[in-house]
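The values are calculated or read from the model by the stated rules, or taken from the named source; none is laboratory data. The shown structure was predicted, so the numbers you read here are calculated from the model rather than taken from an experiment. Neighbour counts run over all protein chains shown; Cβ positions are idealised from the backbone, glycine included. Surface areas here come from the heavy atoms of the whole protein model, side chains and all, with no ligands, DNA or RNA. Shrake-Rupley method; radii C 1.70, N 1.55, O 1.52, S 1.80 Å.
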Amino acid sequence: MRLILLGPPGIGKGTQAQRLQQQFGWTVIATGDLLREAMANRTPLGEQARTYITRGELVPDELVNQIVMERLQSLESFILDGYPRNLSQAQVLEAFLQQHGQSLDAVLAFELDDEAIVARLSGRRICPQCGAIYHIVANPSRAGERCERCGATLIIREDDQPDTIRRRLAVYRQQTAPLIDYYQQRGLLIPIDASGDPETVYQRVVHALSL
Ligand code: AMP
């Protein structure tokens, strides 16, 4: 299975990607996670990405394309979460897959109103160690302030602050939303209603993909 999860920040792509990975074993490539890891390790890539991420802007295409293509090289099944984020990335991905005789199976487009998205983003907590994703109301950790999987103290993402959230949503509308038409034209788009709890949304995903 080769899947793209498309949708505004905070809509729950990462949560759904982790569930699909747990159930089916498909590798998740989450560009935001990879960039945050590079930032935490203070690698040259991380240092370059930091200024863009903290402002809520997209990291330059050449940096992101490179980390994605390196990982896609040897994969038969994958879930892309947070990539592509604009038309130029989508074209690079399409060319890469064509070269390797591969094609996408589906693009899941998650949909939710802005008010609910902001509520999800402002209550989000993540585990800096294992990447688990929580929400203080909708999906709290059973270990309170700590990660229920690995015990690390949960944190608020640096870019989940009100001003940055607004900027990220604007960037999504301007640069990423045009991908909805792009994949619709290719017959790959499957809209997913992202309202409700993670389990409800997951059932919609499983149903939409006939899994
Ligand atoms: P995410 O975790 O997907 O919300 O990504 C967090 C931040 O990482 C974004 O706001 C961007 O600054 C950067 N980022 C993640 N994926 C991409 C991408 N495909 N292209 C450019 N920047 C990205």
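Averaging 1/r over every pair of different alpha carbons in the range 40-147 and inverting the result gives a Kirkwood radius of 16.7 Å. When nucleic acids and ligands are ignored and a 1.4 Å probe is applied, T43 ends up with an accessible area of around 50 Å².
Quick check: from the Cα gyration tensor, does the range 102-144 come out rounded (a/c under 1.5), prolate or oblate? Since a/c reaches 1.5 but b/c is at least a/b, the shape of the range 102-144 is classed as oblate.
With K and R counted +1 and D and E -1, the other residues having a Cβ less than 10 Å from that of R55 yield a net charge of 0. Using 19 Å as the cut-off for backbone N distance, which residues of the range 18-35 belong to the label zone defined by a point 7 Å from the Cα of H207 along Cα→Cβ? It comes to 19-20, nothing else. For the range 1-61, which GluC sites (Glu not before Pro) are in a loop by DSSP, counting at most 16 other Cβ atoms within 10 Å? Sparse-neighbourhood loop GluC sites (Glu not before Pro): E57. Centroid-to-centroid, using Cα positions, the range 153-211 and the range 52-80 are 17 Å apart. Of the listed residues S141, S210, the order by accessible area with a 1.4 Å probe, largest first, is S210, S141. Taking the average, over residues, of other Cβ atoms within 10 Å as the packing measure, peptides 116-124, 66-74 rank 116-124, 66-74 from highest down.
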